[in-house]
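This report concerns only the one structure given below.
The values are calculated or read from the model by the stated rules, or taken from the named source; none is laboratory data. The model shown is predicted, which means the values in this text are computed figures rather than measured ones. As a convention, Cβ positions derive from the backbone with ideal geometry for all residues, glycine included, and neighbour counts pool all protein chains shown.
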Amino acid sequence: MKNSLTITTALVLFVATTLVVAQNTRFSDPDTVIKEEFWGNLYSEGGQSFFCDKEFSKKGFSLTEGYIYPLADIRNALSCGTTRQCEQDNRYRQIASDLHNMIPVGNRTELRRRNTRYDNIEASIEENDCGIRESGLFFEPPTKVKGDVARSMGYMVGTYGLPWLGPAQVFQGWNRADPPDDRELSRHKRIAEIQGNENPFITDPTRIERL
């Protein structure tokens, strides 16, 4: 009886894990996805940088692919080892290939944003020219993309079982205050077409309240 229960429990965990990992069913090679799908397809005709709204026609030296949920934090959550070791881990490769987590961002912004946590920062801290507030290890994105950040974070937490990178209540508040706009919905539609799955926290923003 005890053996049967153990086997059943293991089977349930295996199926749940499989369902989570299977969300992004197409891509598991981050370098190829970045080159061919992110820059070569999603942003092949240019666009606007995520945090600063700077228009670009192609990837330049000042622009890079950023991650709402940084790769270093994914590696830490998975405990897959060094960067090189994690690159051999199939689950990490799949998560790191997920277009729903990728954004075009300025190099300097991305460097400052790494190793920080998302949070509301007191109003006495001035915004920079992009509308970003920073204080120590904390990062508050511009108001116009707070909901975008929250829904991407919800997707990574809900889909892959990763921990929140900041207070859940903060992301839930950002989600309510900044609902999906036309640009976010258009980008989401293109990613769903390319990758084959949607971000359910964009199609139904109330889902983040239930995480």
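Data for the structure
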item: Looking only at the stretch 31-64, and only at residues there that are in contact (Cβ under 8 Å) with a residue 24 or more places away in the chain and acidic (Asp, Glu), the one that is surrounded by the fewest Cβ atoms within 10 Å (Cβ to Cβ); result: ASP53
item: Criterion violated by ILE191 - all others in (1) touching a residue at least 60 places away in the same chain (Cβ under 8 Å); (2) among the hydrophobic types (A, V, I, L, M, F, W, C); (3) over 26 Å from GLU36 (Cα atoms) satisfied; result: (3)
item: Residue list for the stretch 155-186, restricted to those being crowded, with 18+ Cβ neighbours inside 10 Å and either at positive phi or without any contact (Cβ under 8 Å) to a residue 24 or more places away in the chain (or both); result: GLY166
item: Scan of the stretch 30-64 for residues that are charged (D, E, K, R) and at positive phi, ordered by number; result: ASP53
item: ARG91 vs. criteria in a helix (DSSP H, G or I) and over 21 Å from PHE56 (Cβ atoms); result: yes
item: Pairs where the first residue, in the stretch 124-139, is closer than 21 Å to ALA150 by Cα and assigned to a loop (DSSP other than H, G, I, E, B) and the second is hydroxyl-bearing (Ser, Thr, Tyr) and at pLDDT below 95, C-beta under 6 Å, 6+ apart; result: LEU137/THR116
item: Identity of the residue in the stretch 117-143, among the hydroxyl-bearing types (Ser, Thr, Tyr) and surrounded by fewer than 17 Cβ atoms within 10 Å (Cβ to Cβ), that ends up farthest from the chain's Cα centre (by Cα); result: SER124
item: Residue list for the stretch 52-96, filter: of a type in the set (D, E, K, R) and either in contact with a Lys or Arg (Cβ under 6 Å, 6 or more places away or on another chain) or under 25 Å from PHE138 (Cβ atoms) (or both); result: ASP53, LYS54, GLU65, ASP73, ARG75
item: Test: SER79 is farther than 25 Å from PHE38 by Cβ and either modelled with pLDDT under 95 or touching a Phe, Trp or Tyr at 6+ places or on another chain (Cβ under 6 Å) (or both); result: no
